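Everything on this sheet refers to the single structure shown next.
The values are calculated or read from the model by the stated rules, or taken from the named source; none is laboratory data. Keep in mind the model is a prediction, meaning the values are calculated, not measured. Counting neighbours? That spans all protein chains shown, and the Cβs are built from the backbone with ideal geometry, glycine included. Calculation scope for accessible area: heavy atoms of the full protein, side chains included, ligands and nucleic acids excluded. Shrake-Rupley method; radii C 1.70, N 1.55, O 1.52, S 1.80 Å.
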Amino acid sequence: MKKTILWVIILLLTVCISGCGFSSSKKSSSAGDGVKIMFTYSQEEGNAFRDMLAEGAQEYASSVGAVVECAYAKHSLEEQIEQIKNAKSKGYSAIMCIPEDASTARQLEAAAGDLPIIFCNDAPDDATLKEDKYVYCASDEGVAGELQAEYILNQFASKDEINVLLLKGLDGHTATVGRTKTLKEGLNASGKKINYVFEDFADFDTDKAREEVDFAIRKGIKFDLIACNNDAMARGAILACQDNKIDLKKVPILGVDATKDGCEAILAGEMVFTVYQPAESQGAEAAKAAIELAKGGTIHDYKSLSEDKLHLWVPFEKVDASNVKEYLK
C-alpha cells in the first residue's frame, strides 16, 4: 500500500501544467527529449477552432515528453514578430504559428533565425516554404469546397438550374480562397446553370452573415440554397432565415468545420451539411513535425506530407444527418 502511494506521489510530481490550460506536459518520455515549442497565434482564446488546434498540439507534445506553450499576438504583426524573435532566448526549439498576416511569412522566418516554423490555419505562399524548415500543416481547403459541391449536386440532381447564395470568409484568407474556388469549379463543371444570385464576404462571423442574408432576403433575392465557408456563417444564415420566416427544410444551408454548433444545427434540421476539419489532429501533426525538426530530424517519411514536401495535409471528412452524432463530443 505504501509503495502504491509513493508511486502516485512520484507521478504527480512529474506532471506540470503548461500553455493555454488545455493539458499537462509529461517529460518522462525520451521521444520528445523535452523539446519546448512556442505556438503563436492571432485568434483570441474562445475561438473554437484555435482552441482545438492548441489542445491537439499540447496533448500530443505531452504524450511524448515535449511542451507546447501558447502566445497570443493580440492581432499585431509587430507583437508576433517580437515573440518569434525572442523565442530561442526563452528556450524554445521550434515554433508553431498561425500568422497574423500570411503574406509576412518571410519576416516571421527571419525573426525565427535558425528555428523551424510549422505554419497552421492560414497558408503562406509556397515560395516562402522550405522542406524540413518552414512547413504548412492544415487540411487541404480545396477539398472542403469539392465536398460541398458534391453534396449540392446530389441534392439538386433533378434541377437544371440552381440559384446559390454564397457567404465567403475573410477576403484573401487561405480558407476563403480554397473553399470558394473548388465549390464553384465543382458546381460550374456540372453542366447545370449555376446562378450566384448573392455573394459577399462575411468574415467567418455569425453576426455579419446574419446581416448579409437578411439584406439579400429584404432585397427580394431568390435562392435555392446557402453555401458558407464555415459553420459560424451558416449559423448566421440560419438565424436570418428564421428571422424572416423562411422554411429551412426548403433552403439547404451548408457550412465547413463541423463545430459543436454546426453539428447541433444538423441534428436540429437547421443545416444539412458541413465538413469536419480535424483541428486537434492538425495540432497534433504540427506538434509532431515541430518536435522532429527541432531535434534536427526530417519529416520526409510522414504519410501526411505532400509531394512537394512543403505541406502536411490532414484529411477533411463530410458530415450530414447520417453521421453527425459521431462528431459531437
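Taking the condition of being closer than 18 Å to Q155 by Cα and in a loop (DSSP other than H, G, I, E, B), how many residues in segment 223-257 meet it?
10
Out of (1) in a helix (DSSP H, G or I); (2) touching a Ser or Thr at 6+ places or on another chain (Cβ under 7 Å); (3) open to solvent by 20 Å² or more (accessible area, probe 1.4 Å); (4) farther than 26 Å from F204 by Cβ, the odd one out for E55 is which?
(4)
Test each condition in (1) within 26 Å of A138 (Cα to Cα); (2) surrounded by 13 or more Cβ atoms within 10 Å (Cβ to Cβ) for E307 and report the one that comes out false.
(2)
Could you please find all residues in segment 273-311 being touching a residue at least 40 places away in the same chain (Cβ under 8 Å), assigned to a strand (DSSP E or B) and over 13 Å from the mean Cα position of the chain (by Cα)?
Passing the criteria: F273, T274, H311.
Residues that are more than 18 Å from the chain's Cα centre (by Cα) and among the aromatic types (F, W, Y): find the strands (runs of 3 or more DSSP E) completely inside segment 82-194 holding 1 or more of those.
Values: elements: 94-97, 117-120, 134-138, 161-168.
Filter on segment 82-194 gives 134-138.
Would you say K193 is under 28 Å from A48 (Cβ atoms), free of Cβ contacts under 8 Å to residues at least 40 places away in the same chain and open to solvent by 70 Å² or more (accessible area, probe 1.4 Å)? If you could, list the steps in order and put the result at the bottom.
Working: under 28 Å from A48 (Cβ atoms): no; free of Cβ contacts under 8 Å to residues at least 40 places away in the same chain: yes; open to solvent by 70 Å² or more (accessible area, probe 1.4 Å): yes.
In short, no.
Only one of these is over 25 Å from P315 (Cα atoms), of a type in the set (K, R) and open to solvent by 20 Å² or more (accessible area, probe 1.4 Å): K133, K74. Name it.
K74
Being free of Cβ contacts under 8 Å to residues at least 40 places away in the same chain and in contact with a Phe, Trp or Tyr (Cβ under 8 Å, 6 or more places away or on another chain) narrows it down to one of D114, D101, D171, D140, so name that one.
Numbers: D114 fails: in contact with a Phe, Trp or Tyr (Cβ under 8 Å, 6 or more places away or on another chain); D101 fails: in contact with a Phe, Trp or Tyr (Cβ under 8 Å, 6 or more places away or on another chain); D140 fails: free of Cβ contacts under 8 Å to residues at least 40 places away in the same chain.
So the residue among D114, D101, D171, D140 that is free of Cβ contacts under 8 Å to residues at least 40 places away in the same chain and in contact with a Phe, Trp or Tyr (Cβ under 8 Å, 6 or more places away or on another chain) is D171.
Only residues that are surrounded by 17 or more Cβ atoms within 10 Å (Cβ to Cβ) and modelled with pLDDT under 95: list them for segment 318-329, please. Let's see the steps before the verdict.
Taking segment 318-329 and keeping what is surrounded by 17 or more Cβ atoms within 10 Å (Cβ to Cβ), we get 318-319, 324, 327.
Within segment 318-329, Y327 is the sole residue that qualifies.
Restricting the first residue to segment 229-241 and requiring it to be open to solvent by 10 Å² or more (accessible area, probe 1.4 Å), which pairs with a second residue that is in a helix (DSSP H, G or I) and polar (S, T, N, Q) meet a Cβ separation below 6 Å and a spacing of at least six or different chains?
Between residues of segment 229-241 that are open to solvent by 10 Å² or more (accessible area, probe 1.4 Å) and residues that are in a helix (DSSP H, G or I) and polar (S, T, N, Q), the close pairs are A232/T206; R235/T206.
Kindly list the number of the only condition in (1) of a type in the set (D, E, K, R); (2) part of a loop (DSSP other than H, G, I, E, B); (3) modelled with pLDDT of 95 or more that fails for E78.
For E78, the exception is condition (2).
Looking only at segment 36-52, count how many residues are of a type outside the set (A, V, I, L, M, F, W, C), buried (at least 20 other Cβ atoms within 10 Å of the Cβ) and either at pLDDT 95 or above or touching a strand residue (DSSP E or B) at 6+ places or on another chain (Cβ under 9 Å) (or both). Give the steps one after another, and end with the answer.
Our first condition is that a residue be of a type outside the set (A, V, I, L, M, F, W, C); within segment 36-52, this holds for 36, 40-47, 50-51.
Those still in the list that are buried (at least 20 other Cβ atoms within 10 Å of the Cβ) too: 36, 40-42, 50-51.
Those left that are additionally either at pLDDT 95 or above or touching a strand residue (DSSP E or B) at 6+ places or on another chain (Cβ under 9 Å) (or both): 36, 40-42, 50.
Qualifying residue count, segment 36-52: 5.
Within segment 103-117, work out how many residues are open to solvent by less than 40 Å² (accessible area, probe 1.4 Å) and not aliphatic (A, V, I, L, M). Reasoning before the result, please.
Restricting attention to segment 103-117, the residues satisfying the condition of being open to solvent by less than 40 Å² (accessible area, probe 1.4 Å) are 104-105, 108-109, 111-112, 115-117.
Checking the rest, the ones that are also not aliphatic (A, V, I, L, M) come to 104, 109, 116.
So the count comes out to 3.
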